[in-house]
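Here's the structure we're looking at; comments come further down.
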Amino acid sequence: MAGFRSLARQVRDPRSDLALRRYSLRKCLERFAPYGHRATWHHLCARHRIEPEDRAPDPVRLVRALEELEEARAVWLGYEAGFAERRRREKHEGLRRPGAFDDWHRRTWGGNGVARCDDPVVHPSAPLGEVLGRLIAALESEPGTTCPVCARAGIVWRQDLDHEPWSGPVCTDCGIVVPQPVLTPGALARARRIRTRDLTSAA
Ligand SMILES: [Zn+2]
């Protein structure tokens, strides 16, 4: 299985045909896709004006999309390396963290679905690296009551997510599944009270 870097080389390869270069970029998303595969692809296409179904997109746009993805990946892997190191030290010192924190990291290790967007067309619009920077800042500080990406308070509990953890708090503004470790118990409880079902019946 080709790794992210060799796939990135294929995206850049001017001798390769455009369909293959586009395909390689999509394969990169199987290695690293902060919003999940489909939503991250939708995001990159929207930001770099690539027609999602175009089999021969402008190579300049393809490479710009790749660059955005690479920058975000560097941001995220840097955070993970620091996290792994910190965790080793904490364990050595006998410090424990809430299980939910480690569970979340285990599930998203490598950067897949760290800010998963269940609906592939509803996701933050800022560059991926910037969004991940905000998420990292939230993970490294005390839990809060708002979305770590868009800072809005509209968070609802969804029971019918397409991916693990299958249910969880979702931001109604930017669309991310909010990592539970960044929310206070109070904010989680509030989200649980507002389930999608209630929203539907209220509509
Ligand atoms: Zn949000």
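The values are calculated or read from the model by the stated rules, or taken from the named source; none is laboratory data. Since we're looking at a predicted model, the values are computed, not measured. Note that each Cβ is placed from the backbone with ideal geometry, even for glycine, and that neighbours are counted across all protein chains shown.
Summary table
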{"item": "Segment 138-152 - residue that is surrounded by 15 or more Cβ atoms within 10 Å (Cβ to Cβ) and of a type in the set (A, V, I, L, M, F, W, C) and, of those, modelled with the lowest pLDDT", "result": "LEU139"}
{"item": "Listing of helices (runs of 4 or more DSSP H) fully contained in segment 112-203 that carry 2 or more residues being in contact (Cβ under 8 Å) with a residue 40 or more places away in the chain and in contact with a helix residue (DSSP H, G or I) (Cβ under 9 Å, 6 or more places away or on another chain)", "result": "128-139"}
{"item": "Residues that are free of Cβ contacts under 8 Å to residues at least 40 places away in the same chain and closer than 15 Å to LEU29 by Cβ, drawn from segment 66-100", "result": "GLU67"}
{"item": "Candidate set: segment 111-127, residues that are within 18 Å of VAL182 (Cα to Cα) and small (Gly, Ala, Ser); chosen: the one farthest from the ligand (Cβ to nearest atom)", "result": "GLY111"}
{"item": "Subset of segment 133-153 (residues that are small (Gly, Ala, Ser) and near the ligand (Cβ under 8 Å from one of its atoms))", "result": "ALA151"}
{"item": "Qualifying positions in segment 156-178 - within 14 Å of the ligand (Cβ to nearest atom) and of a type in the set (Gly, Ala, Ser)", "result": "GLY168, GLY175"}
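The rows are residues; the columns are (1) more than 30 Å from SER16 (Cβ to Cβ); (2) exposed (fewer than 15 other Cβ atoms within 10 Å of the Cβ).
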{"site": "GLU53", "(1), (2)": "no, yes"}
{"site": "PRO57", "(1), (2)": "no, no"}
{"site": "GLY94", "(1), (2)": "yes, yes"}
{"site": "HIS105", "(1), (2)": "yes, no"}
